[in-house]
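Let me begin by presenting the structure, written as structure tokens, before commenting on it.
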Amino acid sequence: MGRVFVAGSINMDVVATAERHPRVGETVAGQAVLYFPGGKGANQAVASAKLSIPTTLIGRLGTDAFGRELRAFLAAQGVDLAFVKDTDGAHSGTAIITLAHADNTIVVVPGANGLVDADDVAAPTLAKGDVAVSQFEIPLPTIAAFFRRARAAGVTTILNPAPAKQADKALLDLVDILILNETELGLLAGTELSDHDTASRFAEAARTMGQGKIVCVTLGKRGVLVLVEGHQPLLVPGREVKAVDTTGAGDCFVGALASQLAIGRPLGDALAYANAAASICVQRMGAAPSMPTADEVNAVLSTSRPGAGRDP
Ligand code: RIB
């Protein structure tokens with residue numbers, strides 16, 4: 001069995017719930033303030049670890065109260081934290097989230113996440129069969145250094161380029177599997193995309209991401225569109241559930257997919273599994289604490305349609 005290595009952000013999510021989101025310049029009365037462990041890197045690592053796959057997180061925390069709380073939480077989820085450094089002079093990453101009717105807005109202040117560097121990602125030993133995962137909440141040159149090492153060790157690389165920002169071709173060329181939403185794909189491909197666009201529009205954009213890559217476009221309720229060069233686009237349909245908080249659902253998908261690839265499951269099965277995991281995540285409040293166990297995912301898979309891919 002391979003191991004999942006996640007190089008990424010660790011945040012405390014400070015969540016204000018309200019009846020609706022304020023417009024620019026407006027104040028609305030909120031209902032509650034909640035604190036949840038989060039950060040795209042931490043969420044993806046917890047998703048994988050809770051599915052009982054050995055998972056190492058590479059990142060940084062500040063030497064503050066949030067940092068101590070986040071470290072204790074992540075350790076309790078079974079994430080290996082040997083390569084998470086406490087960093088003096090920086091605060092732990094913090095996300096300010098407003099949540100109304102299951103949808104969120106997020107402002108992330110990176111703090112220590114912005115200091116994760118090439119030495120940090122050079123520390124762990126990677127081996128063939130492992131899976132290396134990253135996102136855009138740590139510096140991009142660090143991700144490139146991580147993926148160069150991964151590639152040299154014959155490790156599968158997964159990039160979730162969120163939050164959306166420009167990336168150069170050299171970084172994208174180090175990626176085996178790109179998991180992103182329509183906005184992120186549109187930005188990287190230099191075009192505007194909506195989640196209702198046709199599969200062929202997405203395929204056209206995906207072709208600009210470089211050769212030999214698997215591109216998975218997450219389309220919310222529609223599901224996940226899988227684009228592989230030389231193959232017909234495949235839609236893994238979304239599962240109908242009542243969402244209470246979508247924060248971290250994309251991270252759950254990425255972490256669950258990585259975990260299944262690390263144990264050698266074929267891509268189609270891993271996608272259906274990750275879809276089921278994300279459908280559980282959205283039914284719970286908070287990001288990292290919402291990640292399901294393997295028993296929970298298997299229960300969903302055994303009681304409903306298998307989520308096999310179909311033509312979009
Ligand atoms: O993807 C969700 C995450 O984005 C939140 O947990 C928040 O910390 C931001 O990083």
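Only one of the numbered conditions (1) touching a helix residue (DSSP H, G or I) at 6+ places or on another chain (Cβ under 8 Å); (2) away from the ligand (no atom under 16 Å from the Cβ); (3) modelled with pLDDT of 95 or more is violated by T27, and that is (1). Within region 143-164, the set of residues being open to solvent by 10 Å² or more (accessible area, probe 1.4 Å), in contact (Cβ under 8 Å) with a residue 60 or more places away in the chain and either within 16 Å of the ligand (Cβ to nearest atom) or among the small types (G, A, S) (or both) comprises N160 only.
Might you check whether a residue that is of a type in the set (F, W, Y), under 25 Å from K165 (Cβ atoms) and open to solvent by 60 Å² or more (accessible area, probe 1.4 Å) occurs anywhere in region 75-83? Yes, that holds for at least one residue. Inclusion of K169 among residues that are away from the ligand (no atom under 16 Å from the Cβ), surrounded by fewer than 16 Cβ atoms within 10 Å (Cβ to Cβ) and not polar (S, T, N, Q) is warranted. Scanning region 172-192 for residues that are surrounded by 18 or more Cβ atoms within 10 Å (Cβ to Cβ) and charged (D, E, K, R) yields D176, E182, E184.
Just one of the listed residues (A90, A100, A76, A167) is within 30 Å of Q31 (Cα to Cα) and either among the β-branched types (V, I, T) or free of Cβ contacts under 8 Å to residues at least 60 places away in the same chain (or both), namely A76. Where helices (runs of 4 or more DSSP H) sit wholly within region 191-296, those with at least 1 residues that are more than 16 Å from the ligand (Cβ to nearest atom) and touching a Ser or Thr at 6+ places or on another chain (Cβ under 7 Å) occupy 199-207, 249-262.
The values are calculated or read from the model by the stated rules, or taken from the named source; none is laboratory data. Since we're looking at a predicted model, the values are computed, not measured. FYI the Cβ positions are ideal-geometry reconstructions off the backbone, even for glycines, and counts take in every protein chain you see. Just the protein is used for accessible areas: all its heavy atoms, side chains included, with ligands, DNA and RNA removed. Shrake-Rupley method; radii C 1.70, N 1.55, O 1.52, S 1.80 Å.
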